[in-house]
Amino acid sequence: MSATALAVAFVVYSCKGKLGEAADLKLDETPVQTVRDMFVVQSENGRIQMRASADLMEKYERDTLSYELFPEGFSVYGYTEEGLLETEIVADNARHVKYKDGRETWEAFGNVVVKNLIKQETMETDTLYWDQKNERIYTHCYVKLYSPDGFMQGYGMESDQRARDHTIFNPFNSYGIIVQDTTEVVIDTVNFIGPLLKNSVN
């Protein structure tokens, strides 16, 4: 067999192998886009409102919807109108679904932690939903809330998306902390810069 015929035979065999692999692909289970080290910033009038990051984002397309999966963790950070970091939401997984009729849903699940850094409050749950249109977050799952005022737990929670004003439904075995020191000062350690020191001249 000549070298040319050998080369052609090799190419045909290789292509057959690739075509076989392509036939085995399940397109419904294959992402149309994959992004590593995703980082998104949302701002308005030059002021940051929100930023989000994920180690991996996979986008899928269907006839009636498209959705993005974040299988290696997802983090969202919300800022006040003055630009202070206020809210932090982290989860092991997240899903963002866009329907063809214009609806959108966000879901975070697996070790979901919601922090209001200014109020020094931390909520823990397994699943969290974000109603983007009404700017609300909620869950029907078991919730724990730690705050300077005490500890609460229950099944179900609803709050504004900044975790400023929340309601825990069906609470049980909760307790409060009585603070008698009226001079206590709470410091926002996340946004605190500290005093500006003048350079000393020797």
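The values are calculated or read from the model by the stated rules, or taken from the named source; none is laboratory data. Computed from a predicted model, the values in this text were never measured in an experiment. Cβ: placed from backbone, ideal geometry, glycine included. Neighbour counts: every protein chain shown.
So that you can scan it fast, the table gives a plain yes or no per residue for (1) at pLDDT 90 or above; (2) part of a strand (DSSP E or B); (3) on the phi < 0 side of the Ramachandran plot:
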position: Asn111; (1), (2), (3): yes, yes, no
position: Ile137; (1), (2), (3): yes, yes, yes
position: Tyr146; (1), (2), (3): yes, yes, yes
position: Phe151; (1), (2), (3): yes, yes, yes
position: Asn173; (1), (2), (3): no, no, no
position: Thr183; (1), (2), (3): no, no, yes
position: Val186; (1), (2), (3): no, no, yes
position: Thr189; (1), (2), (3): no, no, yes
*Go through segment 33-73 and give me each residue that's within 20 Å of Lys98 (Cα to Cα) and either exposed (fewer than 13 other Cβ atoms within 10 Å of the Cβ) or of a type in the set (S, T, N, Q) (or both).*
Gln33, Thr34, Phe39, Val40, Val41, Gln42, Ser53, Arg62, Asp63, Thr64, Ser66
*If Glu72 satisfies every condition in (1) over 15 Å from the mean Cα position of the chain (by Cα); (2) not in a strand (DSSP E or B) but one, which is the exception?*
(1)
*With respect to Val90, determine if the residue is in contact (Cβ under 8 Å) with a residue 24 or more places away in the chain and either outside any loop (DSSP other than H, G, I, E, B) or not polar (S, T, N, Q) (or both).*
no
